[in-house]
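Peer 1: Let me begin by handing over the structure; questions about it come next.
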Ligand SMILES: [Zn+2]
């Protein structure tokens, strides 16, 4: 009996130390930061994509929910600027660093996204259980959708494939501000997610259509990186246009994707861009060109 209880004690001690180690990895610090963008509009950075926080008459609209496990931290940041409850979540696209903490937003919350985004989300393990399905978009649209009214009005636009097949531009029209999702991640080469319908060749025209079709926006919250201007967003369409054109020219000259990367020359004005994904992007553009 005694030997058994010593053994049980040892096993218990082992289990406790394992649990402690596990809790420590769970608590790996991810610090979020909230910044004011315009009156009633904030951005929460860290822990995934940029999260937009728009305080309306009826409640708080949250655009994108970061990586899984970020829900309590997002809510804590929201509570630091308003007492109002979160009533609406807009997902700009399917990726886990933009939809990962949808399940933290329980209660009377409406979830909205593009119809192709919803179709992609339905394939993600997090949204397949009966519980997970509650956090899928309940409202979807095809090309344009307006929600709320007056100074709270939000216009959602879809101009075609790019980063994925279900990307949304979220325009806070009363504030002349827009959350672009990852179609505009910041001044960097994009991730083109062809498995979720992203399209290297259509990417520039989708951005150009947005720049031509959306009016009156001055301030941009990109999918990642710092808040910027409409002109930086407009330039990004030109960057992607010039990137695709450069690869097209190389392919026309008989160059392989690798040779196109080696000899690629982009206009001087893009010299500050982070070209970390250049190889992947050029390969996808090269393969996509007829
Ligand atoms: Zn993304």
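None of the figures in this text is laboratory data; all of them are computed from the coordinates on show. Quantities reported herein were computed from a predicted structural model and do not represent experimental measurements. So basically every Cβ, Gly included, is an ideal-geometry build from the backbone, and we count neighbours across all protein chains shown.
Peer 1: Obtain the nm distance between the two label points defined at residue 241 and residue 268 by a simple spin-label model: each point lies 7 Å from its Cα along the Cα-to-C-beta direction.
Peer 2: 2.0
Peer 1: Right, here's the next one. Taking 7 Å along the Cα-to-C-beta vector as the label spot, tell me the residue 80-residue 195 distance in nanometres, rounded to one decimal.
Peer 2: Taking the two extended label points, one gets 3.5 nm.
Peer 1: Could I ask something else about it? Roughly what angle does helix 278-288 make with the longest principal axis of the chain, taking Cα atoms, 0 to 90 degrees, to the nearest 10?
Peer 2: So the inclination is approximately 60 degrees.
Peer 1: Sorted from fewest to most neighbouring beta carbons within 10 Å, what does the list 224, 93, 98 look like? Display every interim value, and only then the final one.
Peer 2: Values: 224 17, 93 30, 98 26.
Least to most surrounded, the residues fall as 224, 98, 93.
Peer 1: I would also like to ask the following. Run the numbers for residue 30 and residue 128: contour at 0.36 nm per residue of separation, minus the present Cα-Cα distance, in nm. Don't jump to the answer; show the numbers that get you there.
Peer 2: Working: separation 98, 0.36 × 98 = 35.28 nm, distance 2.68 nm.
Computed gain between residue 30 and residue 128 is 32.6 nm.
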